[in-house]
Amino acid sequence: MLRPTPGAAGTRRPRGRCLRSGGQVALGWLSTGSRPGVLPAPRIRPAPPPRDVPVPRGARPGRRGAQQEALGCPARTVTPRAGVPSRRVTPPPPAPARAVRLGAPHAVPDSSWVAAAEPMEPARGAPRGDGGGEALLAELEALVRDVERASSWWERHGVDCAILALSLLSLPAGFLCLRSENVVVLGLGITILGVCHYTLTVKGSHLATHGALTESKRWNKIWELFFVEVCSAFSAEYAKYGHVKMHHGYTNVLGLGDSSTWRLPCLNRYVYMFLAPLLIPIITPLVAVERLRKVELRLAARSLGLIFLGLYAHYWVLLNVSGFRSPGSALLCMLTTRSLLAHPYLHVNIFQHIGLPMFSRDKKPPRIHMMSLGVLNLPRLPVLDWAFGHSIISCHVEHHFFPRLSDNMCLKVKPVVSQYLHEKQLPYNEDSYLARFRLFLSRYEEFMVQTPPITELVGLQ
């Protein structure tokens, strides 16, 4: 969408809604590089000229364009609504029409989140620009803070700590099930170990990295080292830098927090979506070792020691407790349990950001618009909610607004956040796992290979 040309009489204040088709949004005031070219100037409704402005000779007072000719700039009116006083807004002269930038020199196919829809209106009663976005975010934070203060320790931290403790206590049962020659019991043991592994490595690591596991910074650091380095075989320093500082600090900002680390353009859609997840347990420690070259020697030695401790402890228990007789069978069991939920883990990480609006670093919108546009919630899925946590599955929007809240608290404040965004007519993206899966299979080249277009919110940057 382009700004109107100087010959246009003006623009009407847009209104809009969030589209749930494909989990994308369509905004009347959203411009994107997915449609290169110049669009026609929008239709206008001029307001009658004020009394103190002279009407040009030969023009009738109610004639269209009289006020614009007198003032030298377009004027627009806001249709009064119940309880809202009417007002006249005279914007500055419009800039010449120009094409929005694309993230790549080649043309990008049309995106489903830029569709013809009713234009969206900025939040009621909020000024335009960063000040309005900050005011809206402060109001939302106050509402969530009230809910958090009224919650008990069990709601804030106890529920998630109980899930992690139960996962740890279930590990001996899983290892003992592997001693059985019965196929059903053996499969049960692999399932227990696989679900517990992802609960500890994804849910535990995620909460500890954000400092949401406990209110003590010291204990959070201890649990972070345990869950990230011992259980996940990854570097805690790089996990915090890449996820907290980059992904959360620059959500959907191209080249910074745009989830580009999950893109592998060299793979076709079927290899990436079906086979590549099986290699995550092997790639993870290798990437960690490569990243450790950039940290100081003391931290690198500590991380290497904890990563080796976690991998060797798993291998040793399989040989000495589960009764595996050969190293090869033990390693194969390790790979099986550590890749049990690798497919949804990879899919969820790309479904909730890629394919949504991307922004440039120098023209990113206010935070509340950036989070409401660039983050998507999936529906509640019992196994994934347990293993990954609500903040990654069904409350991802709430998690990006309030990353220090635990999974259970994100679930508790979800009605508050969704109601607030709907009241302010801001997007609240939701879509099903199956719908996103089909969308990525059909548009894999556009989402995972080509450089995504840059989205600009006219009047908000």
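Side notes on the structure shown:
- Heavy-atom surface of the stretch 297-354, accessible at 1.4 Å and reported per residue (Å²): 47
- Interchain or long-range residues, amide H under 5 Å from E430's placed H: N377
- Note on V185: accessible area approximately 50 square angstrom, rounded to 10, probe 1.4 Å, nucleic acids and ligands left out.
- Rounded if a/c under 1.5, otherwise prolate or oblate - the stretch 285-413, Cα gyration tensor axes: prolate
- Burial order of peptide ranges 225-235, 305-315, 249-259 (average beta-carbon count within 10 Å, highest first): 225-235, 249-259, 305-315
- Dipole moment magnitude, nearest 20 debye, the stretch 372-431 about Cα centre, only Lys, Arg, Asp, Glu C-beta charged: 160
- Taking every alpha-carbon pair under 8 Å whose residues sit at least 6 apart, the stretch 260-356 reaches a relative contact order of 42 percent.
- Taking 0.36 nm per residue of separation and subtracting the current Cα-Cα distance, fully stretching the chain between A135 and V321 would add 61.2 nm.
- For the set K245/K364; K217/K412; K240/K364; K217/K294, the pairs lying more than 19 angstrom apart at their alpha carbons are K217/K412; K240/K364; K217/K294.
- Taking a ≥ b ≥ c as the square roots of the eigenvalues of the Cα gyration tensor, the stretch 401-450 is classed as prolate, since a/c reaches at least 1.5 and a/b is larger than b/c.
- Per residue, the stretch 151-211 exposes 43 Å² of solvent-accessible protein surface, assessed with a 1.4 angstrom probe and all protein chains in place.
- Fully extending the segment from V147 to L381, taken as 0.36 nm per residue of separation minus the present Cα-Cα distance, adds 81.8 nm.
- Cα gyration tensor, the stretch 197-270 - rounded (a/c under 1.5), prolate or oblate: oblate
- Peptides 344-352, 379-387, 260-268, 327-335 ordered by average Cβ neighbours within 10 Å, highest first: 344-352, 379-387, 327-335, 260-268
- FRET efficiency, 1/(1 + (r/R0)^6) with R0 35 Å, evaluated for I282 and S442 via beta carbons: 0.75
- Computed over protein heavy atoms with a 1.4 Å probe, the carbon and sulfur contribution to the accessible area of the stretch 183-240 reaches 72%.
- Put the Cα centre of the stretch 357-382 next to the Cα centre of the stretch 132-163 and the gap is 20 Å.
- Per-atom-type breakdown for the stretch 360-424 gives carbon and sulfur 59% of the accessible area (1.4 Å probe, protein chains only).
The values are calculated or read from the model by the stated rules, or taken from the named source; none is laboratory data. As the structure is a computational prediction, the values presented were derived from the model and not from experiment. FYI the Cβ positions are ideal-geometry reconstructions off the backbone, even for glycines, and counts take in every protein chain you see. Ligands, DNA and RNA are excluded from the accessible area calculation, which covers all protein heavy atoms including side chains. Shrake-Rupley method; radii C 1.70, N 1.55, O 1.52, S 1.80 Å.
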